[in-house]
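The values are calculated or read from the model by the stated rules, or taken from the named source; none is laboratory data. These numbers come from a predicted model, not from an experiment. Backbone-built Cβ (ideal geometry, glycine too); neighbour counts: all protein chains shown. Side chains included, ligands, DNA and RNA excluded: accessible areas come from the protein's heavy atoms. Shrake-Rupley method; radii C 1.70, N 1.55, O 1.52, S 1.80 Å.
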Amino acid sequence: MVLVKLKPKPKRNYRKEYDNYHGKPDQIKRRDSRNAARNLLKKKGVGVTGKDVAHKNGNPRDNRPSNLKVVSKTKNRSYARTKTARKLNRRS
């Protein structure tokens, strides 16, 4: 029998993650646009509670009504992604 010492998982540094990614101006614009899309559908009376608003072409800045659809969180977050976080199949 061999005992293996496991290293404790290092704690996540959320401040660093925010500074490196979420706090960048380009990412802030994308997040703002995603929130705007969600609010647009809410105002139209579409039920978005517990669901995600997906952009069909993968561009979060494109908020045309024909480009938006409401899908489950599991479905929206399961698309295969490229290294730059784009959808592999952009028409999904």
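Share of carbon and sulfur in the accessible area of the chain stands at 53%, probe radius 1.4 Å. Of all aspartates and glutamates in the structure, the ones whose alpha carbon falls short of 18 Å from that of residue 11, not counting any fewer than 8 places away in one chain, are 19.
Residue 36 to residue 7: FRET efficiency via 1/(1 + (r/R0)^6), r the Cβ-Cβ distance, R0 41 Å, to the nearest 0.05? Walk me through the numbers on the way to the answer.
Working: r = 43 Å, r/R0 = 1.05.
Efficiency at R0 = 41 Å is approximately 0.45.
Hey, which aspartates and glutamates would be in cross-link range of residue 69, C-alpha to C-alpha under 17 Å, not counting anything within fewer than 8 residues on its own chain? Within the straight-line cut-off, residue 69 pairs with 52.
Between 0 and 90 degrees, the angle of helix 25-43 with respect to the longest Cα principal axis of the chain falls at about 50 degrees.
In whole percent, what relative contact order does the chain give with Cα contacts below 8 Å and a gap of six or more residues? Please list the in-between numbers first.
Values: 71 pairs, mean separation 19.0, N = 92.
Relative contact order for the chain comes out at 21 percent.
Among the protein heavy atoms, those of residue 14 account for about 150 Å² of accessible surface (1.4 Å probe, every chain in place).
Mind ranking 55, 22 by accessible surface for me, highest first, 1.4 Å probe? Numbers along the way, then the final one.
Details: 55 15, 22 75 Å².
Descending accessible area places them as 22, 55.
Kirkwood radius and radius of gyration were both taken over the C-alpha atoms of segment 1-47, and their ratio Rg/Rh is 1.40. A 1.4 Å probe over all protein chains sorts 40, 68 by accessible area into 40, 68, starting with the largest.
Using only alpha carbons, the chain has a radius of gyration to Kirkwood radius ratio (Rg to Rh) of 1.14.
Along the axis of the charge dipole computed for segment 5-90 (Cβ charges of +1 for Lys and Arg, -1 for Asp and Glu, origin at the Cα centre), the listed residues 66, 80, 22 are led at the positive end by 80.
Highest GNM mean-square fluctuation among 81, 38, 30, for the chain modelled with Cα contacts below 10 Å: 81.
Using helices alone, I'd like the mean residue ellipticity at 222 nm for the chain: each DSSP H run of four-plus residues gives -39500 (n - 2.57), total over residue count, nearest 500.
Numbers: 3 runs with 27 residues, N = 92.
Value at 222 nm, helices only, nearest 500: -8500 deg cm²/dmol.
Per residue, the chain exposes an accessible area of 85 Å² to a 1.4 Å probe, with every protein chain left in place.
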